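No lab work stands behind these numbers, since they all come straight from the coordinates. All values derive from a computational prediction rather than experimental measurement. For neighbour counting, all protein chains shown are included, and Cβ atoms are generated from backbone atoms with ideal geometry for every residue, glycine included.
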Amino acid sequence: MNVFRFRIAAVLLAVLWAPAFGQDYVSFEAERNDIATRAKLRFGPFRFLPALQLKNIGYDNNVYYQQIGETPVGDYTGTISPEIKGYLLFGRSLILSFTENPEYLYYTRQTRLRTFTNSYAPKARLNLFNRFTLTGEYHFRKHLRRILSEFSSLVTDTTKGTTASFFYETPRGTSIGVTGTIDRFLYGDVILPGFEALYSRTLNRKETTGSVEFYYPVFSQSSFFVTAGATNYEFEHPSSRWRDSRSVQVSAGMRFPLMGRARGRLSLGYKKFVPEEAGRKSFSGLVADTDLNFLFGRFSLRFGLGRETYFSYLENAFYYVENRVSPGLSFYLTRRFRLDYDFRHGSLKYPEPFPINDPEAGPLEIIRHDTHRTHTIGFSIFFLRKTGVQLSYNILERSSNAPGFNIDRNFIGLSLTRDF
């Protein structure tokens with residue numbers, strides 16, 4: 001019977017492709033069991049699950065992502081990111097939760113880049129008659145990072161909004177329901193605070209999304225999913241209203257457990273993106289958001305595949321299509337010592353003509369195409385169960401047929417890491 005179910009899933013995967021749209025729904029009973037198992041820290045009726053991330057503690061030789069030919073600025077940096085999740089359970093019918101995640105990005109000499117941000121999300125889940133689950137969440141997430149491959153600097157990105165869902169769940173783990181989300185995406189320049197940055201003028205927007213989602217258990221702690229939905233994009237600044245657009249998409253894939261010999265997500269699908277302004281090029285085609293990890297003896301194999309459309313921050317560009325592939329390999333010399341290598345190759349293609357100023361030919365329009373490659377080599381040492389530190393050396397190479405976008409950047413640093 002399980003083989004038959006898997007064949008059905010494989011056929012659907014061959015037909016449907018799409019990005020990570022939905023795909024993260026967890027049934028009420030599964031979340032309640034996870035809280036009871038993992039949230040061991042208790043104060044009265046409250047349960048807590050603390051965590052700590054230390055990321056990229058080391059030396060960056062190009063903190064401002066300056067292009068080739070300019071003198072790069074290097075500095076020592078690091079990020080500390082504690083997180084606390086709190087839960088309050090009311091029998092088997094109500095879960096109240098709250099997540100708090102402050103983050104501090106530190107630089108030794110470039111003090112204007114030092115930034116404190118915070119993210120939080122209260123959520124409530126109500127289960128009725130052991131079958132119907134209502135979920136409501138408010139989220140506020142803010143970070144300083146290079147969030148998209150197109151960006152050539154660190155940007156503060158803020159997402160604030162609400163999500164609501166209604167699902168029917170069966171005792172075997174099958175779930176089907178609807179989800180709606182309204183989000184505001186806000187961007188800023190940390191170097192010039194208080195000024196209207198290019199990023200906010202071109203990218204600040206509201207996204208309204210509605211979707212239908214279906215999840216079906218296939219293997220132990222794994223599930224097959226199908227989602228379909230639509231998104232409406234409304235830009236806030238008057239000079240960017242021409243970017244208003246909409247999209248529809250359908251996706252299918254497999255979700256593997258968080259722990260075990262196989263984990264991650266296989267997600268493939270189809271998307272149609274339509275600009276509101278006449279004359280602008282639309283997008284219609286395959287998209288993907290896949291990230292898989294498999295353990296075979298002493299080897300850990302990783303594979304990522306992505307294809308998606310993103311709005312460009314440039315005032316003379318609309319959007320671009322990014323394709324990426326990211327294989328990786330780890331080898332365990334011992335249970336506590338692991339060698340790691342990851343490679344990421346991506347391409348950014350702009351569907352509309354891109355204006356440039358050629359020193360010899362003058363103003364021209366080209367079909368812009370960027371590529372970026374990242375090599376990461378390092379080793380990990382595990383000291384507390386499956387928690388350890390990873391020392392890695394990263395090389396980023398970015399090139400473009402448009403002048404002014406070629407970048408080289410190297411980073412060596414430490415991070416906390418988790419194993420299977």
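For segment 2-418, a simple Cβ point-charge model (Lys and Arg +1, Asp and Glu -1, everything else neutral) yields a dipole of about 2060 debye relative to the Cα centre. Length gained on full extension, Ala51 to Ser93: 12.4 nm, using 0.36 nm per residue less the C-alpha separation. Per-residue Cβ neighbour counts within 10 Å put Ser300, Ser245 in the sequence Ser300, Ser245, beginning with the fewest. Could you pull out which residues in segment 341-364 have an amide N less than 17 Å from a spot 7 Å beyond the Cα of Asn401, following the Cα-Cβ vector? Hits in segment 341-364 for Asn401 at 17 Å: 346-359, 361-364. Each of Gly69, Ser347, Ile377 was scored by the projection of its Cα onto the charge dipole of segment 2-418, and the greatest displacement toward the positive side belongs to Ile377; charges sit on the C-beta of Lys, Arg, Asp and Glu. Once you reduce segment 128-164 and segment 236-296 to the center of their Cα atoms, the two points are 16 Å from each other.
Along the axis of the charge dipole computed for segment 2-418 (Cβ charges of +1 for Lys and Arg, -1 for Asp and Glu, origin at the Cα centre), the listed residues Asn33, Tyr120, Phe283 are led at the positive end by Asn33. Full extension of the chain between Arg131 and Leu41 yields a length gain of 29.5 nm, computed as 0.36 nm times the residue separation minus the alpha carbon distance. Of the two radii for segment 188-305, the radius of gyration is 1.12 times the Kirkwood radius, both from the alpha carbons; that is the Rg over Rh value. The distance between label points at Ile367 and Phe337 comes to 5.2 nm (points 7 Å beyond Cα on the Cα→Cβ vector). In the chain, Cα pairs under 8 Å separated by at least six residues give a relative contact order of 12 percent.
Classify segment 225-276 from the C-alpha gyration tensor, please: rounded if a/c falls under 1.5, else prolate or oblate depending on whether a/b exceeds b/c.
prolate
Rounded to the nearest whole Hz, the Karplus-based 3J(HN,Hα) values (6.51 cos²θ - 1.76 cosθ + 1.60, θ = phi - 60°) of segment 150-158 follow the sequence 6, 5, 10, 7, 7, 9, 7, 10, 10, with x at glycine and proline. Stretching the chain fully between Glu207 and Val26 yields a gain of 62.8 nm (0.36 nm per residue, less the alpha carbon separation).
Taken along its principal axes, the alpha carbon cloud of the chain reaches lengths of 72, 53, 45 Å, longest axis first. Computed from the C-beta positions of Glu236 and Thr174, the FRET efficiency with R₀ = 45 Å rounds to 0.65. Does anyone have the angle between helix 2-15 and the longest principal axis of the chain? Alpha-carbon axes, 0 to 90°, nearest 10? Rounded to the nearest ten degrees, it is 20. How much FRET efficiency would the formula 1/(1 + (r/R0)^6) give for Arg298 and Ile377, where r is the Cβ-Cβ distance and R0 is 22 Å, rounded to 0.05? It comes to 0.80.
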